[in-house]
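Chemist: Sending over a structure as structure tokens; questions will come in a sec.
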Amino acid sequence: MYKLFGKRICDVLLSCLLFPFFIILCLVIKIAILFDDRGPLFYKANRLGKNGKTFLMYKFRSMKTDSPDLRNKDGTTFNSKDDPRMTKVGKILRKTSLDEIPQIVNIIKGEMSFIGPRPDMPDAIKLYSASDRKKLGVAPGITGYSQAKFRNSSTLQQRFDGDVFYAENISFILDVKIFFLTIRNVLVQENVYRKEGIYDEDSDR
């Protein structure tokens, strides 16, 4: 019952409560960006959603415009506190995870949930095994099981395994645990960055 109806009801109610704060945050961050690099407020990119449907995901922009998209060798996003692509404001947004807040819009549109597997880039579906595809049975989330457990330090396969575990075990109790673990991780600033060998995919920021 929770998976079919309760989860969506919780998402809509919480989104409506937080939306006024989101608007205020947009104004504050926009002013900060004007004093930083004067670039756009949002970063938008296609991501895989429920049942493999592609949607446009929103984030507060944390990198300089036209920065190359760097990936670790296993395909995970390259993260480093010394990443030259990040703006001054972007470093704060990334460290506090505030860059993810605009996905409230995706939640209202029914494309995402507060809790669920983090959405992958569309071409990541080529890497999925038959088991990995189970993660597409649920809506992606702003945070999820893998983020609560590892934040940004997980390998791609660890993340896929965590996503499948979540998809097979959705419950209100699990979502509450993930929610509070995520808050804890943000507050203690653990595993914010994962630095590895990298390769340059393309320029999309």
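The values are calculated or read from the model by the stated rules, or taken from the named source; none is laboratory data. Remember, predicted model here, so these are calculated numbers, not experimental data. Cβ placement follows ideal geometry from the backbone for every residue including glycine, while neighbour counts extend to all protein chains displayed. To get the accessible areas, we keep the full protein, side chains included, count just its heavy atoms, and leave off ligands, DNA and RNA. Shrake-Rupley method; radii C 1.70, N 1.55, O 1.52, S 1.80 Å.
Chemist: Which helices (runs of 4 or more DSSP H) sit wholly inside segment 88-170 and have at least 2 residues that are open to solvent by less than 30 Å² (accessible area, probe 1.4 Å) and over 30 Å from Ile33 (Cα atoms)?
Modeler: 156-168
Chemist: Would you pick out the residues in segment 17-49 that are of a type in the set (Val, Ile, Thr) and either open to solvent by less than 70 Å² (accessible area, probe 1.4 Å) or touching a strand residue (DSSP E or B) at 6+ places or on another chain (Cβ under 7 Å) (or both)?
Modeler: Ile29, Ile33
Chemist: Now for a different question. Which one is most open to solvent (accessible area, probe 1.4 Å), of the residues in segment 50-72 that are farther than 26 Å from Lys135 by Cβ and part of a loop (DSSP other than H, G, I, E, B)?
Modeler: The residue in question is Asp66.
Chemist: Can I ask one more? Only one of (1) at pLDDT below 95; (2) crowded, with 21+ Cβ neighbours inside 10 Å is not met by Asp83, so which one is it?
Modeler: Result: Asp83 fails condition (2) only.
Chemist: Under 6 Å between Cβ atoms, which residue pairs at least 6 apart in sequence (or on different chains) link something in segment 155-174 that is in contact (Cβ under 8 Å) with a residue 12 or more places away in the chain with a partner that is surrounded by fewer than 16 Cβ atoms within 10 Å (Cβ to Cβ) and not in a loop (DSSP other than H, G, I, E, B)?
Modeler: Here the result reads Ala167/Gly137; Ile170/Lys3; Phe172/Tyr2, each pair linking segment 155-174 to a residue that is surrounded by fewer than 16 Cβ atoms within 10 Å (Cβ to Cβ) and not in a loop (DSSP other than H, G, I, E, B).
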